[in-house]
1. Which of the aspartates and glutamates could a cross-linker bridge to residue 117, judged by Cα under 18 Å and excluding same-chain residues fewer than eight apart?
2. So how far apart, in nm, are the two label points at residue 91 and residue 116 if each is 7 Å from Cα heading toward Cβ?
3. Using the Karplus equation 6.51 cos²θ - 1.76 cosθ + 1.60 (θ = phi - 60°), what ³J(HN,Hα) coupling, rounded to whole Hz, does each residue of region 111-119 give in order, writing x for Gly and Pro?
4. Would any residue of region 63-103 have its amide N under 20 Å from a label point 7 Å out along Cα→Cβ of residue 126? List them or say none.
5. Using θ = phi - 60° and the Karplus curve 6.51 cos²θ - 1.76 cosθ + 1.60, what whole-Hz ³J(HN,Hα) does each residue of region 85-98 get, with Gly and Pro shown as x?
6. If you take every residue apart from residue 117 with its C-beta less than 14 Å away from the C-beta of residue 117, what net charge results, scoring Lys and Arg +1 and Asp and Glu -1?
7. Which whole-Hz couplings ³J(HN,Hα) result when phi for each residue of region 55-70 is put into the Karplus expression 6.51 cos²θ - 1.76 cosθ + 1.60, θ = phi - 60°, listed in order with x for Gly and Pro?
Amino acid sequence: MRTILVRLVVGAAVWLLVSAHASAQNAQEIKVQAKRAMNTKVVGRTSSGVPIVNVSLSYGVSVADLDLTSSSGAAEVARRVSDAAQAACKEIGRQYPDATPSERECTKSSADEAMVKVRELVAAAKKAAGK
């Protein structure tokens, strides 16, 4: 039952994010996805059949209002990505306190993964501006 609930929650979150992403397709946006694993026991299985359920939550970070060619714009998008990663990992931890890795590790890996896209956007903006 808990596995079904987790799938419903994750499915609803993905649907909301996809629909929000589709409406914001024209604006530049970076997707920050937090991922953690959770051990659960399913009623009716043996104690050796404990499954691992992956839980993820994504937040979009808009950069449409920023000048990515400036150092202050690049720093601001990095801050937004870090804040989004922290918020997503904190929410997963609130809903699933036994999830791994820790909130700190989740935040770092989520932000690091999203920063790849940030660096690509900054480089593209500078190239387009001739900098």
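Computed from the coordinates by the stated procedures, all read-outs in this text should not be read as laboratory data. Only a predicted model underlies this, so the values are computations on that prediction, with no experimental measurement involved. No Cβ is skipped: glycine too gets one built from the backbone with ideal geometry, and neighbour counts run over all protein chains shown.
1. 29, 65, 67, 76, 83
2. Calculated label separation equals 2.3 nm.
3. 5, 4, 5, 6, 5, 4, 5, 4, 4
4. 63-82
5. Once rounded to whole Hz, the list reads 4, 5, 5, 5, 5, 5, 5, 4, x, 5, 7, 9, x, 8.
6. -1
7. 10, 9, 9, 10, 10, x, 10, 7, 10, 4, 8, 10, 8, 6, 7, 8
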